[in-house]
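A quick write-up on the structure given underneath.
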Amino acid sequence: MTSAAVSPRRLSSLYLLVVVALALLGGGAATALRDASSARHPAAAIRCLAERGIDSAALQGVDSVWLQTAAGRDQVWACIAGNARDLSWWMLLGAVLLPAAALLSMIGGGLAVRWRLAGSAVSPAAGAASGRARDRFEHWCDRLGLTGRRRPRLVITPPSRYGRQAFTTGLPFRAPVVVVPLSHAYLEPAQFDVVVLHELAHVRARDVSWASAVWWTGWLNVPVLLLALSPLVRWPHQRSGIFAVYLPVLALAVVLSAVVLGLRAALLRRREIAADRYALDVLGSADALRALLGRPASGAAGRGRVARAGVAGLARRVVASTRRGIAVHPPAAVRADADPVAPQRWEGGFAVTAVAGVLAMSTMQSAYTVLSATDWAWRSGRLSLDVAAALGGLLWACVVVPAWRRRARIAAAAGSTPSWSGPIAGAVLGTVAGFLTQAPGGGAASARGLVPVLFAGRLMPGVGVLAVVTAGTAVLTAGLAAAVPAAGRPERAWAVAAAVVAVATAWATAFPTAIWMLVGYLPGASLSRVRTSLMGAGLWEWRWAPLLVLAGCTLVAWAHRRGPDAPVVRSRWPGLAVIGVAVLAGGVAAGLTWQLRIGAADSEDAVFVLVSHRSMICAFAGWAALAVLLFARPADPASSSPARVLPRVPSALAAGFATAALAGVVLFGIAAAGGRGREVDVLVDAVRWPMWQLLVAVVLTLPGLAAVAARADRLSRRARGWAAGPGTGVVITAFSAALVAGAIPPLAVGPHDWSDYLAAPHAKRAAPAVAPTPSTPPDDPPPGADPGRPLDDAAVGAALTGIHRLLPAGYRRLPDDTDAAKPLKLQPEACRQALDRSTDAQRARPRTADTARRYTIALGPHPEVTVEVGIVSYRTPVPDFTLYREATAQCGRLTIPSRASDTGTAEGSYTEGPPPRSPYPGFRSDFTLTASVRTLPVVTMWLAEYALAGHNLVSVSITMSSSGGPPTEATRRDRDRLAEALLNAVLQRLRHDPPR
Amino acid sequence: MVDRAAQDADGGHTPAADGIATVDLVGVARSVVVATVPEQLDLLTEVATRWEAGAGPDGPRRGWTGGSVGSGIEPLLLGEVILPVLLGASAEVLGDAVVAAWHSRPRPVRRWRRRARSGRDEPVALPAAPVTLDASQAEALRSACVRHGAALGLSPEEATVLADAVYGALCRAMTEPRRDDD
């Protein structure tokens, strides 16, 4: 037997994931409860916005005019602050309560177990076997140094009293209890020792309470969410609408529960294996454990059974996989030491990384929601997202760096190379999934993520950019993790901390940058805005991020060089030569481009171009040094395998960042020698800006660089160090020349980028949401024209052609509505009959053409307004609007069944309004419906204007809905003007088109 | 008579003419344990007593309330599984009435009540489970023991050894002369 000095490894990072998952799900469920139980705050916010003429739905888009200016933001914030704070508090409460519920369940479970154990234990004097077992147990407790509150109590239970397994139960601040069935006392002593040491391993790992709390994880989510949504039963009329809204939320909750159950099971399996390993380490032999576990089932035999039938075999495979996935104990073969490192490989594999990605991104989105409820966050705009991203990045780094470090160590210990494709794929998939979804019930009662709502209709570019950024961050993480030295080295703790800081910083800057770039790019597809934002982000937001990454990479690279598997380096001169050449070439080229052109710079645009050019050259010098050093394979033959490229990443990154910074210093020196910018802050910016641009370039290009370097490692056996230095200088010089000559326009800042960037918000603010169209009655028809003539479909289509020019910018054509209108079951009966008569009369009248065009436009603050313009040409002239007037006379007040309404009905009116101004007989009707949707008034207004020109009935209708109250007077005026303009425009076309 | 057979350390039995015997299953189990793993006799006694008290082979489920996670190791000892194997096999061969009759018979005072009365632990007598069977049924019981043993988690080899031991005890019961102290 060996000494039991080393405690079993703790699984803190995995427990952290479980707690975060619980907190996120709790926050989502609490938000769902808030939305389901009362719409007071959201309704008040929407009403307030409606009173100010702001449609709440319009605020969700990235191009909302209301969020472009400080004054607009203040108006919006004045309305939504109460709701945002209420939402924030609910989320925080849920994030605390659900983990607390799991904790209480653990305590309740522990108390229940102790209560059931009370009085049922086998008496210490009951038999010789139980006495021997007690002695043996005490012996191991003494030997392992378990004293005081950490010394567990042994309870021997009668056969089958609590199943046939030994277990440990714990309560906070109480000594744990190890429960062993009596039958275990009759085992061989070595086998009994295995069981006891397994349980004592849990005691020494101090995770008994954790594991007990984790037991409930996964089972709580869906019931808690259903409970939170239960107040919705108050609205039975809306069940179909509620079902449609919350079905994706529930489906997501089920999926996440399955994921969390899988994670929980894997965590518990990992914990059991750690306990087994501890027992084996103490005993020094696996024989007793193997004897206890028995012979594992033959894999071949098992597969043979599974593969014998088609559907049945598939079903059996699914069931077997599911059972394996949620089993809390690993298979006997794994436990019996058949594959000692399999569990640790799993820890850094696809599944755990994907879950970490999901949770990190969900943490960012949930924290963003919570933090946005504060005044300072709302006014500062980006700060809440930056802080939220820092939390997400820390979670990611704290979980993934240790797990990937172990993955790399295990492979190194086995003399093999770890495969990183699975973990990196897991990172990309998990992060994108976490970006697209949110904690079930959270936010806007939707399964979609909070940030993607900003990209409504333009999601794919966002997903693509997120995937690229994740891949870059993941390769950076893998490089840092792979270079951390093995356990036992004094530098290891420093290196792990440095790697975590560097990775968290990269994560926390990369994703908000990507999101803000998308926010800037998507509304106008403006690359210039992206370039300018990218340049400025490093100066205004993440000033110290590159320095943190540099510090982290430097520390990790230093620890790696002192570690046992450091590469054999014959001489450091080639590397230093590359850095030196890059610094000089980049710094001098940047300084010359500045110094030679600054005299002719006569505008802010020109200065901005020069500043960006010089910092880009310095950043490129750093990137070139990084690339060359990444490609420089050490002389160690063992490092010829492709995966050995990754440990070179930290040193290459450190060299790259240092090169960019030093090139900035050279640039500053040249500029200062020319008499410009001798202040310290100019020097700081000259250093910091290239480093920021290098960080952006690293995130975007590192996966490709690493892949090519790995390929080059395979192909080339000899490093050509002599060519590296001069080659680097040539490449940097060529890049500088190309940049100055304007040969790389997509990357280089354009001559008007700065002024475009400054002007963009003002331009947007100046653009009205709808261009008010003057309503001009048709002029006199030309001789021979007859607008009242019968028309065919072609003539009607021609009359409607070009009508969209009167619509505000951003209109969309909708498909033609070919469905016949369904009869409405409205009340009173006289109103319904009058409308039926009118409809039947129209349908019965023979016609030569009937065409309508439908569009959706933004009108004022309302983003979705439907406009329909149509012409019906009858065989006989239409006499008047008698039937319409009869209907409006009967429908002064009416009710319509509405499944969305709290009461099951919507109330409204159908009235006649002043006729449109036109030389032809006209008619106008206003149909207004008001429904209470979960106490929030929703008003739908339908304006219809008609004009009769002989055989032809021209119609224009505009439909708009508004939450919180009716649209503002100004919006209604715009609507009326647009309707009249469209009507007269069509009439004008009819008057001027010659008869066919 | 049956009670006396239950106390017989050699597997209490009541032989009859033409190969039919009335045996006590608990006695058979006891004889098998004594012959193979005598140190587990106490365990068998505990198991039989718990059965007598009405507990099933698996006892109440542990763990659904959380609070603990088991070791996942379930060692199988002869003294623990032989009684469930024997009763299950007998039910298969002779019908469920055997087990039902055993469970529904008049029971002695519960153990905890006895303890409460006496205030101290006392040696507990094994309960009796008499069944009557002939030679062919003994063969069938042997095969059934293999199946039930495997179902309870024994390997085929272990289940066969157990079944052979049971069969041997049954054969002895059928062939040895009756010992009647009355």
Only helices (runs of 4 or more DSSP H) wholly contained in segment A:177-282 count here; list those with 3 or more residues that are within 10 Å of chain B (Cβ to nearest Cβ) and touching a residue at least 12 places away in the same chain (Cβ under 8 Å). A:189-205, A:208-214
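Each row is one residue, and each column tells you yes or no for (1) in contact with a strand residue (DSSP E or B) (Cβ under 9 Å, 6 or more places away or on another chain); (2) at pLDDT 90 or above; (3) within 22 Å of A:V956 (Cα to Cα).
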| position | (1), (2), (3) |
| --- | --- |
| A:E868 | yes, yes, yes |
| A:T876 | no, no, yes |
| A:A900 | yes, no, no |
| A:T928 | yes, yes, yes |
Does A:L92 satisfy being buried (at least 17 other Cβ atoms within 10 Å of the Cβ), under 22 Å from the mean Cα position of the chain (by Cα), more than 14 Å from chain B (Cβ to nearest Cβ) and modelled with pLDDT of 85 or more? yes
Within segment A:956-983, considering residues that are among the hydrophobic types (A, V, I, L, M, F, W, C) and under 45 Å from the mean Cα position of the chain (by Cα), the one surrounded by the most Cβ atoms within 10 Å (Cβ to Cβ): A:L982
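Can A:V986 be described as touching a helix residue (DSSP H, G or I) at 6+ places or on another chain (Cβ under 8 Å), outside any strand (DSSP E or B) and surrounded by 18 or more Cβ atoms within 10 Å (Cβ to Cβ)? If you could, list the steps in order and put the result at the bottom.
Values: touching a helix residue (DSSP H, G or I) at 6+ places or on another chain (Cβ under 8 Å): yes; outside any strand (DSSP E or B): yes; surrounded by 18 or more Cβ atoms within 10 Å (Cβ to Cβ): yes.
Considered against the rule, which asks whether it is touching a helix residue (DSSP H, G or I) at 6+ places or on another chain (Cβ under 8 Å), outside any strand (DSSP E or B) and surrounded by 18 or more Cβ atoms within 10 Å (Cβ to Cβ), A:V986 comes out as yes.
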Filter result for A:A798 (more than 18 Å from A:T959 (Cβ to Cβ) and not in a strand (DSSP E or B)): yes
Contact list, first residue from segment A:610-622 and touching a residue at least 24 places away in the same chain (Cβ under 8 Å) and buried (at least 24 other Cβ atoms within 10 Å of the Cβ), second anywhere and assigned to a helix (DSSP H, G or I) and among the β-branched types (V, I, T), beta-carbon distance below 6 Å, six or more apart or interchain, is A:R614/A:T593; A:A621/A:T659; A:A621/A:I732; A:G622/A:T659
Give me the pairs: first residue in segment A:390-403 and under 21 Å from A:F350 (Cβ atoms), second residue of a type in the set (F, W, Y) and crowded, with 24+ Cβ neighbours inside 10 Å, beta-carbon distance under 6 Å, and six or more apart or on different chains, which are they? A:G393/A:W507; A:W396/A:W507
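Every residue, every condition in (1) in contact with a helix residue (DSSP H, G or I) (Cβ under 8 Å, 6 or more places away or on another chain); (2) facing chain B (nearest Cβ under 10 Å); (3) loosely packed, with under 13 Cβ neighbours inside 10 Å; (4) not in a helix (DSSP H, G or I), yes or no:
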| residue | (1), (2), (3), (4) |
| --- | --- |
| A:V113 | no, yes, no, no |
| A:G119 | no, yes, yes, yes |
| A:A129 | yes, yes, no, no |
| A:D135 | no, no, yes, no |
| A:W140 | yes, no, no, no |
| A:G145 | no, no, yes, yes |
Going by the structure shown, is A:A427 out of contact with any Leu (no Cβ under 9 Å at 6 or more places or on another chain) and surrounded by fewer than 23 Cβ atoms within 10 Å (Cβ to Cβ)? no
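Matching residues to (1) at pLDDT 85 or above; (2) part of a loop (DSSP other than H, G, I, E, B):
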site	(1), (2)
A:W376	no, no
A:S384	no, no
A:A388	yes, no
A:L395	yes, no
A:P402	yes, no
A:T417	no, yes
A:P423	yes, no
Quick one: what pairs do we get from segment A:930-945, first residue in contact (Cβ under 8 Å) with a residue 40 or more places away in the chain, second of a type in the set (A, V, I, L, M, F, W, C) and outside any strand (DSSP E or B), C-beta under 7 Å, 6+ apart or different chains? A:V933/A:A900; A:R934/A:A39; A:R934/A:W235; A:T935/A:A39; A:T935/A:A43; A:L936/A:A39; A:L936/A:A43; A:L936/A:I46
Just checking, does segment A:756-763 include any residue being modelled with pLDDT under 85, in a loop (DSSP other than H, G, I, E, B) and under 22 Å from A:A514 (Cα atoms)? no
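Within segment A:147-169, which residues are more than 8 Å from chain B (Cβ to nearest Cβ) and either under 19 Å from B:S68 (Cα atoms) or in contact with a Lys or Arg (Cβ under 8 Å, 6 or more places away or on another chain) (or both)? Even if it seems obvious, please write down each step before you answer.
The first filter runs over segment A:147-169 and keeps only residues more than 8 Å from chain B (Cβ to nearest Cβ), leaving A:147-157.
If the condition is that a residue be more than 8 Å from chain B (Cβ to nearest Cβ) and either under 19 Å from B:S68 (Cα atoms) or in contact with a Lys or Arg (Cβ under 8 Å, 6 or more places away or on another chain) (or both), then A:R149, A:R150, A:R151, A:P152, A:R153, A:L154, A:V155, A:I156, A:T157 are the ones that fit.
The values are calculated or read from the model by the stated rules, or taken from the named source; none is laboratory data. Owing to the predicted nature of the structure, the values given are computational and were not obtained by experimental measurement. Glycine also receives a Cβ, built like all others from the backbone with ideal geometry; neighbour counts cover every protein chain displayed.
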